[in-house]
1. Quick check: pseudo-label points 7 Å beyond the Cα along Cα→Cβ at residue B:260 and residue A:71, how many nm apart are they?
2. Express in whole angstrom the spacing between the alpha-carbon centres of the range B:60-103 and the range B:131-193.
3. Just to confirm my numbers, what's the Cα centroid distance between the range B:349-397 and the range A:62-78 in Å?
4. Normalised by the residues of chain B, what does the relative contact order come to in percent, with Cα pairs under 8 Å and at least six apart?
5. Which ordering of B:221, B:171 is given by a fewest-first count of other beta-carbon atoms within 10 Å?
6. Pairing the Cα long axis of helix A:167-182 with the longest principal axis of chain A, what angle in degrees results, from 0 to 90 and rounded to the nearest 10?
7. Taking the square root of 5 times each eigenvalue of the Cα gyration tensor, what semi-axes in Å does the equivalent ellipsoid of the protein assembly as shown have, largest first?
8. Using R₀ = 25 Å, calculate the FRET efficiency as 1/(1 + (r/R₀)^6) where r is the Cβ-Cβ separation of residue B:36 and residue B:61; round to 0.05.
């Protein structure tokens with residue numbers, strides 16, 4: 001069966017630096033796969049490769065079995081992307097931002113649809129008609145998450161999705177992601193939050209200096225052991 | 001699909017205060033340029049209308065009581081003028097630096113044409129804020145300000161990848177976003193021009209061609225901005241680069257072209273023509289009369305049998321040395337005319353290197369305010385003066401008895417619409 005996301009021996013250069021070196025993994029339908037790693041490990045680069053922004057030096061990235069560089073538009077239409085600290089337009093309200101981006105994606109939604117998504121991310125109603133420049137970082141992130149939800153794509157790529165969220169909002173977000181995965185959405189998230197990754201992911205991959213150096217999964221409905229992953233993460237970091 | 005993209009970007013633009021400011025400025029500048037142009041053209045028409053009236057009255061007054069053909073020709077002034085065309089409001093062009101009205105007499109002509117060369121020197125230096133200047137020089141700047149950081153500002157705001165990933169294909173985002181700005185700028189610039197053209201009764205073909213020129217120039221600038229803004233650099237570096245390109249194409253290239261053309265085509269100035277002609281005319285007083293009448297009859301062999309001047313003074317001798325004054329400067333005048341036409345032709349070729357020069361020249365051509373039109377006006381003045389001579393010479397040279405009724409048939413200057 002074709003995996004929604006697959007990296008095959010992926011190597012990438014950015015500005016002369018070897019950022020990814022022979023990375024291979026797949027993410028199955030309905031699976032939450034978290035890529036863990038320190039700064040500069042190549043996590044965000046991996047997401048950009050799936051979005052077709054970076055061309056592999058070697059290997060390839062596939063979305064729904066098709067090489068991204070063969071059909072970038074098709075790959076992007078299947079993916080909702082939540083960048084790190086997503087900067088939506090500060091001079092526009094949450095409604096206006098969502099409306100603009102959904103029109104850009106060719107999937108406009110009704111006001112009720114927007115409200116439903118904003119309800120799911122718990123953005124206060126009174127804030128929705130305010131410009132985003134008056135929002136806290138967490139509120140902006142919630143709006144961006146609502147946008148990802150509204151895209152209703154089979155795949156979500158999340159870059160440090162809980163950055164800026166308070167603990168309660170992080171828990172709510174994790175529940176939301178799990179619900180989406182149960183509904184069949186395939187989720188690839190990159191984070192340096194070991195605890196959060198172990199809380200939400202079905203599988204965790206450990207990236208270090210552009211190489212996938214470890215993979216952890218729980219199975220049988222259990223959570224991945226945070227201490228094990230943390231130990232591996234820390235050990236590799238100091239190694 | 002494309003309509004949806006455009007609607008989306010129109011709504012987006014409506015919320016972008018920075019872009020709205022530049023668009024509003026474009027509209028204001030266009031209104032100002034067109035208003036100034038229309039006011040100037042109407043002022044010139046009023047001036048001409050007043051002069052036409054006063055010229056007729058003045059001539060009638062001067063001719064009253066005259067008893068000789070010579071004095072009648074001497075004291076009668078004749079107004080010549082190039083009325084502004086119906087599109088001149090958009091491009092005053094050479095009308096600011098070349099004379100478009102004269103009062104000529106039966107005397108030597110070239111001096112009368114060229115003694116006005118130094119008028120409007122201030123406009124020759126600073127130029128006029130007319131629509132042609134707006135379209136050629138200011139509109140590209142406004143377009144640069146509207147487009148230069150479309151990509152770079154999104155990169156700086158870390159929104160670029162999200163936008164492009166959401167759009168799917170890059171062109172679905174950047175093309176409509178730039179296109180909407182380009183169209184809005186074009187419309188806001190053209191709208192006052194179209195209204196001005198309606199008020200002035202400009203031909204549809206001229207309006208269409210002017211609009212086409214503006215759109216074409218803005219498309220070229222859009223291409224330039226598009227190519228530069230693809231560079232992965234900060235907005236300030238992109239703006240600096242584009243302003244540099246604008247300076248090069250709008251100022252440096254035209255200035256260098258002008259210097260090269262002038263060095264390559266030396267032109268005698270009007271003062272030289274004026275001086276030579278006056279010296280010739282003044283010297284004639286001290287020369288034997290044959291020295292004047294011989295070259296005169298070489299030009300007009302039909303008057304050979306009347307060329308002998310027996311007394312110390314004769315009107316025909318006086319007008320003959322005025323004529324010889326023109327004959328003496330004719331080579332210089334021809335050289336002056338050809339050099340100006342040659343400069344104009346070369347300027348037309350070099351304008352292909354600068355969208356700014358090209359647009360200005362195109363507008364001046366449409367408005368009938370280019371160098372060719374002004375030279376055509378000078379030629380029309382010469383033709384009219386030749387008619388005056390043809391009218392007066394038979395009576396003057398054959399020294400026929402004076403009949404004031406004949407003066408009712410004096411030639412009248414009839415301008416063409418654009419002075420050509």
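Read-outs: derived from the displayed coordinates by stated rules, not from any lab. Quantities reported herein were computed from a predicted structural model and do not represent experimental measurements. Using ideal geometry, Cβ is built from the backbone for each residue, glycine included, and neighbour counts are taken over all protein chains shown.
1. According to this spin-label approximation, the distance is 5.3 nm.
2. Rounded to whole Å, the Cα centres lie 50 Å apart.
3. 65 Å
4. Relative contact order of chain B: 27 percent.
5. Neighbour counts put them in this order, fewest first: B:171, B:221.
6. Helix A:167-182 sits at roughly 80 degrees to that axis.
7. 84, 24, 16
8. Calculated transfer efficiency: 0.10.
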